[in-house]
Every structure is written in structure tokens, then in C-alpha cells.
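Notes follow the structure.
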Amino acid sequence: MFKALRIIKVYGISELLRRISRKLRNKFEHKIYTFRDRKQLQKILEDNIGKKIIVFPPLMDWNVPLFQRPQHIAHNLAKEGFLYFYCTGNLQYDNVYGFQQISNNCYLTNRYDLLLKVNLSKVFHLYSTNMSPMKKDFINLAKKNGDSILYEYIDEIHEDISGKIPEFVLERHKHLLQDEQCIVVASADKLYKEVLEYRSRNCALVTNGVDYEHFNGKRLITNIPEEIRDIVKNEKPIIGYFGAFARWFDYELIKRLANERSQYQILLIGWNYDNSIRKYSLDNFNNIRVIGPIKYEALPLYSSYFDVSIIPFKINDITDSTSPIKLFEYMAMGSPIVTTNMPECRKYNSVMIGENHSDFIKKIDVALSLKENKEYKELMYKEALLNTWNTKAKEISKLLLEYKVSGCTKQID
């Protein structure tokens, strides 16, 4: 009543009536949409009886600039026969209301609330990068309801990646590693070693991977993107990178490369993750071009013009635990690869490792001499095909099936 009187006093009776009308309309529309969405969900469940349900809580939008592991794993677990619901909070890049089919068995939805009410056994697919709070007893309640937890430990839990880490995130992480009824997947050796300190079962090492067909294309001289047409046509070797620009990116290494190899063109395609790139004035160099981010669908067209593909990351706690997705995408592209001395990159024979700045630059010279080497290209393609997202999803699927996750019926609360 006090609020209504204040609105009348400040804005007049017409504004009060307008606000009441809007509130009633929103409630009415919400009821209509909820009825519609419940019917749609019921139909999806009825059409997929017997399939195991996986629910990804609203952690990140589907259409973020960097298409990442959660999207790839969702797609490929759906290919393995799971019914996958990727929930979005429509935070910035999505605009989804109801249930939108992305691919066979895979749905994008903003109705996480309805999925929580489904009276069926589900797998909640959680990631270590989730900084959002959950109800304190969510995990125990899920298990009590017959649901399962799949937890992916995919990056060092570090403030340079996620900002300040809330205490509840660290507590949840430790709890999930300790609880052997939860399934845990780690993406790098260092992370998996930590997992094994807490458990001996229901866990696996599953590194990142690649959509091989998406990146294994040929460069098209007749279809050069406008943003890079001039540097392609000047015929200098293009040393390329795509991904995030962040604190772990070695900008000083790139500046040194530009100074010492003026005959090379450096093409950096990426997302300004934390504004760190602004400190280094890369636009002052004639042979450095920074563009992007480029949508995932178009990225292979741009990267097909790389003569050498690089990952110039600093060596620290974050990169010691990083399995770079771009590493496997570079392999599928077939352009020689040079990286800094990251543990996860040292695993692959097709990768040339720069032990320090000088060695990194020398390795690029060597890599250029291999760009038409058939045997080396075959090695890259072989290692890429051993690390497809479908292969990674099969490894996770095996864990879920061994855990005997229940299939769905048509029931819904």
C-alpha cells in the first residue's frame, strides 16, 4: 500500500494503473508460456522414452564467441543416444524461450525450472568453471531423488580465469571430488592427478578434442575474408593464432617475434577476455594484425590461411593444467604447430615445443619448412582423428553407462 501511494504521489494514478496492468499481463503470459513449455517438454520426453537424460544447468550461453567444450560434449553425448538439455540463462548471447532443438537428441532451453521438476532420473552435468551458487544441499538432494552428478574438472580454479573465487565454489569442488558416487572427468594430467588424491573409481582423464570435419578444409583463394585479404595477398608467411587474449597469453613473445622476423605476418584472431591485450600496443607493429572474435562457423575459413599455427602461452599454474582445444583444431587444419612448453602439448608428436622465446621463434622457422611435408601432415591428421569430440564423448558415455544411469519414461510432475 505504501509503495502504491508513493507511485501515485510521484507519478500519478495513471502510472500506478499502468504498472498493475503490466504485472498482471506478465503473470498471465508466464502462465501461458509455462503451459506451452510443459506440453513441449512432455512431448520431447514421450518421443524419447528409454533415453538417459542429461541436464546442463544455466552456466554459460550456447552462442558465446568461443565455442567450447560444454557445447561440443553436449552435441556428442546426444549423438551417443543421451537426451541432452543445455540450459541457458539468456545472459548475453542467447535469446531462447521454451525448447529449441539444436540437433538430434539435443535441446537448448531457458526452462531449467521445469527440468528440475521432471520426476525422472537425470544426470546433472556440472563444470568446475561454474561460479554461480547452487542450493547448499543440491548434490545430496539430487542423489536422494535418484539423480546422478557428472562433474567436469576442465581448468585450474583460478581467479585469472573466473575472477574472485567464492568459498562455496572451492567447497563444492572438494565435495564432488571426494564423493565417489559422483562421476568426475578431468581434462588434463595435472587436474586428474588431483582427482586421484580423493578417489579411485568413477573418474577418467578426458582431454579436449576437435570437430575434425569442421576444421579439415582447404584454403580458398577466391573467397578470402575482407579483413585479411591484404595480408594474404602480400604473400608473406602467416603465423596464426585463434582463441582468447588473456593474462596467460605471452604478448612479449609476440612482440619479439614481430621484431626478429619482420618477413613474417602475425595474424591473431581472438576474444578480448580480460583487456590485457590493451597494455601491449600490438597495433604499433606493421606485421601484426589483430581481429575478431570470429564466429565458430567462419573460423576455419580464416585459419586456413595460417602457414604456421601457434599457442604462445606463458608457463604457469593455469597453462600447466590446460588442454588447449585449439591444439587439436590446428592438427585438423594441417598447418605446422608451434607451442610454448605446456605439459599437455608435449604429449603429441606433431607439436613443436619452444623451450624459451628464442627457441620458439626458431621452431617457427623449422615449422615453415614442413608446411608441405606430406608425412608431417599425415601425423597431424592422425593425432587429430584420435582426439575428436566424438571420441571424448564415447569415453564419458562409457563412464555413465558403467554407472548404470536410468533411462526416461514419459512422466513429468
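The values are calculated or read from the model by the stated rules, or taken from the named source; none is laboratory data. Model, not experiment: these values are computed from the prediction. Quick reminder, even Gly has a Cβ in these numbers, built from the backbone with ideal geometry, and neighbours come from all protein chains shown. Surface accessibility is based on the protein's heavy atoms, side chains included, excluding ligands, DNA and RNA. Shrake-Rupley method; radii C 1.70, N 1.55, O 1.52, S 1.80 Å.
Counting only residues that are part of a strand (DSSP E or B) and more than 15 Å from the chain's Cα centre (by Cα), which one in the stretch 149-169 is farthest from Phe249 (Cα to Cα)? Write out each step before concluding.
Taking the stretch 149-169 as the starting set, the residues that turn out to be part of a strand (DSSP E or B) are 149-153.
This time we only want the ones that are more than 15 Å from the chain's Cα centre (by Cα), so: 149-150.
On the way: Ile149: 33, Leu150: 30 Å.
Once the filter is applied, the top-ranked residue is Ile149.
The rows are residues; the columns are (1) in contact (Cβ under 8 Å) with a residue 60 or more places away in the chain; (2) out of contact with any Lys or Arg (no Cβ under 8 Å at 6 or more places or on another chain); (3) β-branched (Val, Ile, Thr).
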| site | (1), (2), (3) |
| --- | --- |
| Tyr153 | no, yes, no |
| Leu176 | no, yes, no |
| Val184 | no, no, yes |
| Tyr192 | no, yes, no |
| Glu197 | no, yes, no |
| Asp211 | yes, yes, no |
| Asn216 | yes, yes, no |
| Arg219 | yes, yes, no |
| Arg229 | no, yes, no |
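Among the residues of the stretch 335-355, are any at negative phi, within 25 Å of the chain's Cα centre (by Cα) and among the basic types (Lys, Arg)? There is at least one residue in the stretch 335-355 that is at negative phi, within 25 Å of the chain's Cα centre (by Cα) and among the basic types (Lys, Arg). Scanning the stretch 94-133 for residues that are over 30 Å from Leu191 (Cα atoms), hydroxyl-bearing (Ser, Thr, Tyr) and either outside any strand (DSSP E or B) or open to solvent by less than 10 Å² (accessible area, probe 1.4 Å) (or both) turns up Tyr97, Thr109.
Just to check your reading of the model, which residue among Leu268, Leu257 is over 27 Å from the mean Cα position of the chain (by Cα), under 19 Å from Lys326 (Cβ atoms) and touching a residue at least 24 places away in the same chain (Cβ under 8 Å)?
Details: Leu268 fails: over 27 Å from the mean Cα position of the chain (by Cα).
It is Leu257.
Specify the residue that is farthest from Lys193 (Cα to Cα); the eligible residues are those in the stretch 336-351 that are open to solvent by 10 Å² or more (accessible area, probe 1.4 Å) and not in a strand (DSSP E or B). Working first, answer last.
Within the stretch 336-351, the subset open to solvent by 10 Å² or more (accessible area, probe 1.4 Å) is 340-341, 343, 346-349, 351.
Remaining after also requiring not in a strand (DSSP E or B): 341, 343, 346-349.
Values: Asn341: 19, Pro343: 13, Arg346: 17, Lys347: 16, Tyr348: 19, Asn349: 23 Å.
Result: Asn349.
Criterion first (open to solvent by 10 Å² or more (accessible area, probe 1.4 Å), more than 21 Å from Ile337 (Cα to Cα) and modelled with pLDDT of 95 or more) does Tyr273 satisfy it? Considered against the rule, which asks whether it is open to solvent by 10 Å² or more (accessible area, probe 1.4 Å), more than 21 Å from Ile337 (Cα to Cα) and modelled with pLDDT of 95 or more, Tyr273 comes out as no. Candidates in the stretch 159-185 are the residues that are in contact with a Phe, Trp or Tyr (Cβ under 9 Å, 6 or more places away or on another chain) and over 15 Å from Ile149 (Cβ atoms); of these, the one that is surrounded by the fewest Cβ atoms within 10 Å (Cβ to Cβ) is Asp160. Restricting attention to the stretch 378-393, and to residues there that are charged (D, E, K, R) and out of contact with any helix residue (DSSP H, G or I) (no Cβ under 8 Å at 6 or more places or on another chain), which single residue is farthest from Cys203 (Cα to Cα)? Only one residue tops the list, namely Glu378. Selection within the stretch 352-381: residues that are part of a helix (DSSP H, G or I) and among the small types (Gly, Ala, Ser). The member of this set that is surrounded by the most Cβ atoms within 10 Å (Cβ to Cβ) is Ala367.
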